[in-house]
Amino acid sequence: MAIAIDTNIYALGKKLNITSERMMNYANKTVDEIIEAETAQGNTKAAEFAKQLESDPNTLIKTYQLDNPGNKFNIISQFPEQKMPEYLEFLEDDDLRLGLNFFSQEQLLKLMQDFAPIEEVVNSAMICFPLMDIIEMMPDKELNNFIVNKDLDPEFLKKNLEKMDPEVIAVMIEGATGSPVVEEDPKKLMDMLYGLDKDTYQEALVAMDPDAKREMVLNMQKQDPEVMQLFPAKAYTTMLSTLQKPDMMEGMAALQTESLLSMNGELPADLMAIVLTQIDPKDLAKIVIKEYPDLLTQIVAA
């Protein structure tokens with residue numbers, strides 16, 4: 001199958017000392033066929049040029065104008081589909097981020113959940129929303145799961161509980177035990193809270209007023225920003241889904257190389273080939289020379 005590319009066939013003829021008249025006889029011939037025919041006629045420049053094409057990336061770039069995105073696409077499209085994700089590694093992160101535009105907003109958010117570490121998902125949300133808005137939008141269910149999360153340092157939690165108003169602690173104990181609390185002394189209230197058995201203590205944590213929970217999360221974040229990673233990715237992607245796609249795409253600046261590679265690797269082959277047209281011409285030339293030399297025999301210069 002011939003691969004048509006946009007290049008100056010007569011410039012090739014000039015390089016090989018082929019007259020314009022003779023070049024007309026090579027219409028619709030591949031570059032390889034032209035070189036082979038000229039070599040058979042004793043054109044030593046053609047023979048030398050053939051060796052350069054097989055080994056020199058710069059010759060390949062100039063001959064096939066690999067700085068032309070259309071030419072890149074026509075060549076890359078012939079690569080085996082299963083190999084294309086490997087070549088994404090030649091792209092810069094910003095190139096890979098451009099590739100994410102091919103996904104729908106729904107697809108992109110699902111890919112973030114599947115491939116991006118929670119740290120990157122959090123940072124994406126933090127780019128798009130103020131911290132206070134994120135905490136306000138966090139569902140009560142997730143606040144409850146957060147406060148009883150086994151990965152939340154118990155001592156860190158206690159340190160922050162002790163900063164809460166006594167009224168908040170009293171309501172927590174009442175909610176867990178069902179008994180009214182008349183004690184007002186902060187230290188005694190904390191002793192009562194810590195004196196509860198494990199299950200009742202967790203019930204007391206969940207019984208905390210939602211606004212008080214949000215205030216505590218905010219204070220915790222100021223001390224240790226990583227606590228926001230204890231909320232699930234789904235909570236953040238749900239927030240991001242409320243944005244228009246262009247606004248949401250600003251948050252993709254938080255995604256790092258491995259996530260970007262994995263997400264772009266989910267594109268269909270035709271779209272991945274478009275993303276790969278951002279590859280440096282020299283890298284593409286080296287790939288063709290090393291892995292797909294047979295492609296050079298199929299290229300027809302227009």
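The values are calculated or read from the model by the stated rules, or taken from the named source; none is laboratory data. No experiment lies behind these values; they were computed from the predicted model shown. Neighbour counts run over all protein chains shown; Cβ positions are idealised from the backbone, glycine included. For accessibility, only protein heavy atoms count, side chains too; no ligands or nucleic acids. Shrake-Rupley method; radii C 1.70, N 1.55, O 1.52, S 1.80 Å.
Hey, what did the chain get for relative contact order, percent, Cα under 8 Å, at least 6 apart?
That works out to 40 percent.
Taking the 0 to 90 degree range and rounding to the nearest ten, how far is the long axis of helix 210-223 tilted relative to the main principal axis of the chain, both from C-alpha atoms?
Tilt relative to the chain: about 60 degrees.
Could you compute the net charge surrounding K282? Neighbours are other residues with a C-beta less than 11 Å from the C-beta of K282; K and R count +1, D and E count -1.
Residues near K282 contribute -3 overall.
Looking at P57, G13, L205, which one has the Cα that reaches farthest to the positive end of the dipole of the chain (charges on Cβ: Lys, Arg +1; Asp, Glu -1)?
G13
In nanometres, what is the gap between the two model label sites at A11 and E226, each 7 Å from Cα along Cα-to-Cβ?
5.4
Once you mark the trypsin sites (Lys or Arg not before Pro) that are in a DSSP loop and have at most 14 other Cβ atoms within 10 Å, what is the longest gap between them in the chain?
1-149
Within the accessible area of the stretch 78-142, what % is carbon and sulfur when the probe is 1.4 Å and the other protein chains stay in place?
In the stretch 78-142, the share of accessible area belonging to carbon and sulfur is 49 percent.
If I stretch the segment between I127 and T200 completely, what's the gain in nm (0.36 nm per residue apart, minus their alpha carbon distance), one decimal? Show your work: numbers first, answer last.
Details: separation 73, 0.36 × 73 = 26.28 nm, distance 3.79 nm.
Between I127 and T200, full extension yields 22.5 nm more.
Give me the distance between the Cα centres of the stretch 201-226 and the stretch 114-188, rounded to whole Å.
About 2 Å separates the Cα centre of the stretch 201-226 from the one of the stretch 114-188.
Given a cut-off of under 8 Å on Cα pairs at least six residues apart, what relative contact order in percent is computed for the stretch 1-119?
Working: 49 pairs, mean separation 29.1, N = 119.
Normalised by residue count, the contact order of the stretch 1-119 is 24 percent.
Amide H to amide H, which residues 5 or more places from I3 or on other chains are under 5 Å from it, using H placed in the peptide plane?
The answer is I299, V300.
Can you work out the FRET efficiency for the pair I118 and M24, with r the C-beta to C-beta distance and R0 = 41 Å, to the nearest 0.05?
0.05
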